[in-house]
Amino acid sequence: MEKIFRPNKWFVIFCALLVAVWGGLQLVANMRLADEAKQEASQIFTWDWPTLNCFSKADVTDATVVRRTDSDAIVKVSGKQVVTTAPPNTPVDFKTARSDVVDVNVTLTFYRSSNQWVLGKVEIP
């Protein structure tokens with residue numbers, strides 16, 4: 001039987017380029033989702049409670065996409081949270097205030113709505 005299709009070097013180069021472009025697009029999509037997760041986690045862990053003179057600031061260091069499908073994605077985010085407390089009903093003086101550094105880990109679940117990722121669930125272990 002005669003071979004009808006025989007791949008040449010141009011076909012192989014085209015297939016390799018197609019795979020490289022697809023892999024690059026997946027990498028960029030995961031990076032964009034990880035950046036979105038970092039911003040959301042920073043907003044979750046940054047807060048202030050003025051009546052108790054208690055403030056928090058988050059420094060998100062890592063975001064890893066665990067699973068991503070067409071409709072949802074799970075991202076694990078980790079970082080450090082600095083909680084600053086001062087005596088109630090006094091002006092905040094950062095020399096006398098007490099600061100605690102806490103490691104934080106959170107799992108964020110995003111859902112796709114109209115081609116945008118929307119935060120759907122927050123899990124703090």
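The values are calculated or read from the model by the stated rules, or taken from the named source; none is laboratory data. It should be emphasised that the depicted structure is a prediction, and the values quoted were computed from it without experimental measurement. As a convention, Cβ positions derive from the backbone with ideal geometry for all residues, glycine included, and neighbour counts pool all protein chains shown.
Condition check ((1) without any contact (Cβ under 8 Å) to a residue 60 or more places away in the chain; (2) in a helix (DSSP H, G or I); (3) more than 23 Å from Glu123 (Cβ to Cβ)) across all residues:
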site: Ile13; (1), (2), (3): yes, yes, yes
site: Asn30; (1), (2), (3): yes, yes, no
site: Ser42; (1), (2), (3): yes, yes, no
site: Val65; (1), (2), (3): yes, no, no
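Could you list, in sequence order, all residues of the range 39-66 that are under 21 Å from Thr109 (Cβ atoms), of a type outside the set (Val, Ile, Thr) and crowded, with 18+ Cβ neighbours inside 10 Å?
Across the range 39-66, the qualifying residues are Glu40, Ala41, Phe45, Ala58, Ala63.
If you go through the range 67-79, how many residues are surrounded by fewer than 19 Cβ atoms within 10 Å (Cβ to Cβ), in contact (Cβ under 8 Å) with a residue 12 or more places away in the chain and part of a strand (DSSP E or B)?
Residues that pass the stated criteria total 5.
Out of the range 86-117, which residues are at pLDDT 85 or above and surrounded by 13 or more Cβ atoms within 10 Å (Cβ to Cβ)?
Val104, Asn105, Val106, Thr107, Leu108, Thr109, Phe110, Tyr111, Arg112, Trp117
Determine if the range 48-59 includes at least one residue that is in a loop (DSSP other than H, G, I, E, B), in contact with a strand residue (DSSP E or B) (Cβ under 9 Å, 6 or more places away or on another chain) and farther than 30 Å from Glu123 by Cβ.
Within the range 48-59, not a single residue is in a loop (DSSP other than H, G, I, E, B), in contact with a strand residue (DSSP E or B) (Cβ under 9 Å, 6 or more places away or on another chain) and farther than 30 Å from Glu123 by Cβ.
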